[in-house]
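J.: Please see the structure below; I have some questions.
The values are calculated or read from the model by the stated rules, or taken from the named source; none is laboratory data. Keep in mind that what you see is a predicted model, and the values were worked out from it rather than measured. FYI the Cβ positions are ideal-geometry reconstructions off the backbone, even for glycines, and counts take in every protein chain you see.
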Amino acid sequence: MSDCIFCKIAAGEIPSTKVYEDEAVLAFRDLDPQAPFHVLLIPKEHIASAAEITPENSGVVAHIFEAAAKIAREQGLEKGFRIVNNCGEDGMQSVQHLHFHMLAGQKMGWPPFPPQKEAE
């Protein structure tokens, strides 16, 4: 997709701080980190969101998780990490390209965000 920022990063048109790269996946440091270690893992192929995963393209998700395990070993994340995917407007997806946030370097809380009260 010509106007997708993550497609441009994957193509090398926009610089990024790469943490991992292979033929199908790119992982790079988030510009607005929410944890001491925060990278984004993206497929190089444009898939708009998790809602667009099909039997034909689902293998890339497994490959992304294999890359995350390799990154965890290489980065010494033996205490653990969290992987987050935001999908759609209510899921707070800000870039319409499938991506996973890999967060580590601190103890994570649950729930990740305080519950919102319903309007009365």
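J.: Of the numbered conditions (1) charged (D, E, K, R); (2) surrounded by fewer than 11 Cβ atoms within 10 Å (Cβ to Cβ); (3) farther than 23 Å from ILE14 by Cβ, ASP32 satisfies every one except a single condition; which is it?
T.: Tallying (1) charged (D, E, K, R); (2) surrounded by fewer than 11 Cβ atoms within 10 Å (Cβ to Cβ); (3) farther than 23 Å from ILE14 by Cβ, ASP32 fails exactly one: (3).
J.: Within the stretch 8-44, which residues are out of contact with any Cys (no Cβ under 9 Å at 6 or more places or on another chain), among the charged types (D, E, K, R) and without any contact (Cβ under 8 Å) to a residue 40 or more places away in the chain?
T.: If the condition is that a residue be out of contact with any Cys (no Cβ under 9 Å at 6 or more places or on another chain), among the charged types (D, E, K, R) and without any contact (Cβ under 8 Å) to a residue 40 or more places away in the chain, then LYS8, LYS18, GLU21, GLU23, ARG29, ASP32 are the ones that fit.
J.: I've got another one for you. Within the bounds of the stretch 41-58, is there any residue that is closer than 25 Å to PHE113 by Cα and in a strand (DSSP E or B)?
T.: yes
J.: How do the pairs read when you match residues in the stretch 87-110 that are farther than 17 Å from ASP30 by Cβ with residues anywhere that are part of a loop (DSSP other than H, G, I, E, B) and among the polar types (S, T, N, Q), using Cβ under 6 Å and keeping only pairs 6 or more apart or on different chains?
T.: CYS87/SER49; CYS87/GLN93
J.: Being closer than 17 Å to GLN34 by Cα and of a type in the set (Lys, Arg) is the filter here; which residues of the stretch 52-101 pass it?
T.: Within the stretch 52-101, just ARG82 meets the criteria.
J.: Among the residues of the stretch 38-54, which ones are surrounded by fewer than 20 Cβ atoms within 10 Å (Cβ to Cβ) and within 21 Å of LEU103 (Cβ to Cβ)?
T.: Listed by number, the residues that qualify are HIS38, SER49, ALA50.
J.: Sticking with this one: Among the residues of the stretch 55-79, write down those that are without any contact (Cβ under 8 Å) to a residue 40 or more places away in the chain, buried (at least 16 other Cβ atoms within 10 Å of the Cβ) and farther than 24 Å from ILE5 by Cβ.
T.: Scanning the stretch 55-79 gives a single hit, ALA72.
J.: Oh, and also: Suppose we filter ARG29, ARG82 for residues that are closer than 29 Å to SER2 by Cβ, basic (Lys, Arg), within 15 Å of the chain's Cα centre (by Cα) and modelled with pLDDT of 95 or more; which single one remains?
T.: ARG29
J.: Just the residues that are part of a loop (DSSP other than H, G, I, E, B) and closer than 20 Å to VAL84 by Cβ, please, taken from the stretch 8-35.
T.: SER16, THR17, ASP30, LEU31, ASP32, PRO33, GLN34, ALA35
Yes/no per residue for (1) touching a Phe, Trp or Tyr at 6+ places or on another chain (Cβ under 8 Å); (2) modelled with pLDDT of 95 or more:
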position	(1), (2)
VAL39	yes, yes
SER49	no, yes
GLU52	no, yes
GLU66	no, yes
ALA72	yes, yes
GLN75	yes, yes
HIS101	no, yes
LYS107	no, no
ALA119	no, no
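J.: Follow-up. Please work out which one of (1) surrounded by 14 or more Cβ atoms within 10 Å (Cβ to Cβ); (2) part of a loop (DSSP other than H, G, I, E, B) is the condition GLN106 fails and give its number.
T.: GLN106 satisfies every listed condition except (1).
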